[in-house]
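Notes for the one structure printed next.
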Amino acid sequence: MGEVIARLAMSLDGYIAGRESGREHPLGIGGERLHSWVFGLRSFRRMQGMEGGTEGPDDTLIAEWTKRPGAVVMGHGMFITGEIPWGDEPPFHAPVFVVTHQPRASVVKEGGTTYHFVTEGPLRALELAREAAAGKDVSLAGGADLVQQFIRAGWLDELLLHVVPVLACGGRRLFDNVGDAHIEWDKTQVLDSPGVTHIRLRRIPSGS
């Protein structure tokens with residue numbers, strides 16, 4: 001069985017989206033700054049159906065990570081904010097299970113992405129994603145609330161943080177509402193680049 005993984009860009013003060021994130025501002029006001037380091041990478045551009053781009057350690061890291069998932073789980077809020085910008089050929093290229101309270105028929109997009117809407121909660125979405133992934137990893141795309149639920153439940157195995165040297169001073173924080181229990185992570189990789197520091201973490205099971 002594959003693992004549950006998440007990859008998120010984060011400010012120094014812990015925000016993964018700016019203020020007023022939504023359809024008008026998918027990454028929140030100023031949130032684009034958290035992702036500017038990735039836009040020119042060859043691997044990122046390939047995911048978007050574009051050619052060219054820069055290579056190097058950052059690109060290698062992203063290219064390896066994007067090969068791992070066989071399915072994706074995301075929250076309804078992230079789907080709502082991203083559906084239009086992602087367009088007819090979203091960057092996932094895999095089945096995506098959207099946790100929502102609103103029943104809806106599956107939506108098939110180009111490039112291998114199909115959105116499935118799951119109304120039975122995040123655990124059921126994870127179960128369906130594991131089946132669809134067929135032994136590969138399941139990527140937890142976000143948003144912050146869903147990632148927090150997975151952390152609280154102990155379902156997130158590995159977390160790759162892209163820490164950007166900026167203070168967002170508002171928006172959606174990643175590590176709010178993760179419960180009262182002590183949570184410990186094993187730092188397995190640190191890659192420092194001029195515009196971002198990548199920190200790879202594996203959750204240490206409680207009692208280990």
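Summary of values
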read-out	value
Residues ASP192, ASP137 arranged by fewest to most Cβ contacts within 10 Å	ASP192, ASP137
Selection of trypsin sites (Lys or Arg not before Pro), the stretch 171-208, meeting DSSP coil and at most 12 other Cβ within 10 Å	none
Mean residue ellipticity (222 nm) of the chain, computed from DSSP H runs ≥ 4 via -39,500 (n - 2.57), nearest 500	-7000 deg cm²/dmol
Potential lengthening between GLN189 and LEU12 on full extension [0.36 nm per residue; Cα-Cα distance subtracted]	61.9 nm
Relative contact order %, the stretch 4-204, counting alpha carbon pairs below 8 Å whose residues are six or more apart	28
Local net charge near ARG202, Cβ-Cβ under 11 Å (Lys/Arg +1, Asp/Glu -1)	-2
The stretch 4-204: proportion of alpha-carbon pairs further apart than 29 angstrom, %	18
Top of GLN102, GLN148, GLN48 by mean-square fluctuation, Gaussian network on the chain, Cα under 10 Å	GLN102
Potential extension, LEU123-ARG23 segment - 0.36 nm per residue separation minus Cα distance	33.4 nm
Long-range HN-HN contacts of ALA71 with modeled amide H, under 5 Å	SER139
Straight-distance crosslink candidates among lysines, where the alpha carbon sits under 27 Å from LYS187 and sequence neighbours closer than 8 are dropped	LYS67, LYS136
Highest-MSF residue in the chain out of PHE175, PHE92, PHE79 [GNM, Cα springs under 10 Å]	PHE175
The chain, dipole about Cα centre (Lys/Arg Cβ +1, Asp/Glu Cβ -1), debye to the nearest 20	80
Separation of alpha-carbon centers, the stretch 164-187 and the stretch 86-159, rounded to whole Å	21
Residues ARG152 and ALA105, FRET efficiency given R0 of 41 Å [Cβ-Cβ distance, rounded to 0.05]	0.85
Selected from GLY18, GLY56, GLY142 as most flexible by GNM, with the chain as the system and alpha-carbon contacts under 10 Å	GLY56
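Values quoted throughout were computed directly from the atomic coordinates according to the rules given, and no laboratory measurement underlies them. Nothing here was measured: the structure is a model prediction, and the numbers come from that model. Glycine gets a Cβ as well: all are built from the backbone with ideal geometry, and neighbour counts include every protein chain shown.
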